[in-house]
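Note sheet for the following structure.
The values are calculated or read from the model by the stated rules, or taken from the named source; none is laboratory data. Just so it is clear, the structure is predicted and the values come from calculations on it, not from any experiment. Cβ: placed from backbone, ideal geometry, glycine included. Neighbour counts: every protein chain shown.
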Amino acid sequence: MQCPIQFVVGLLGNKWSILVLRELFGGDRRPCELLAAIKGISTKSLMQRLRELEAHGLVDRRIYAEIPPHVEYSLTPKGRQIKPVLASLHQLGTQWLDQEPCACTLTENFYE
């Protein structure tokens, strides 16, 4: 029998996965937008994280048949279930850092 905490940490334990999800709570994003928003992530790491999150049903990929073609990623209903966990991490980090909330995609609406 697998520990549920170990399962979720294994899925989201990579710092990039959490940051990708954080950005997608702000709305649908193209890979170039995610690269610009997540400082330090490489294209290769971003694509690996997106593929993993998609494989686990947390992220949806839409391909637009245009010239040039483009792709957008969004959260699935399952992916949106992580919202209270990220909100708690955000609140705890703000408290531990003893500062005002950062200017990331976690706005007042995030906690609703």
Does at least one position in region 67-88 carry a residue that is among the acidic types (Asp, Glu) and either out of contact with any strand residue (DSSP E or B) (no Cβ under 7 Å at 6 or more places or on another chain) or at pLDDT below 90 (or both)?
no
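Can you find, within region 15-65, the residue that is farthest from ILE82 (Cα to Cα) among those that are of a type in the set (Val, Ile, Thr) and surrounded by 12 or more Cβ atoms within 10 Å (Cβ to Cβ)?
ILE41
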Identify the residue in region 9-36 that is free of Cβ contacts under 8 Å to residues at least 60 places away in the same chain and among the aliphatic types (A, V, I, L, M) and, among all such residues, is nearest to THR76 (Cα to Cα).
LEU24
Qualifying residue in region 67-84 (condition: more than 18 Å from ASN14 (Cα to Cα), free of Cβ contacts under 8 Å to residues at least 24 places away in the same chain and among the aromatic types (Phe, Trp, Tyr)):
no
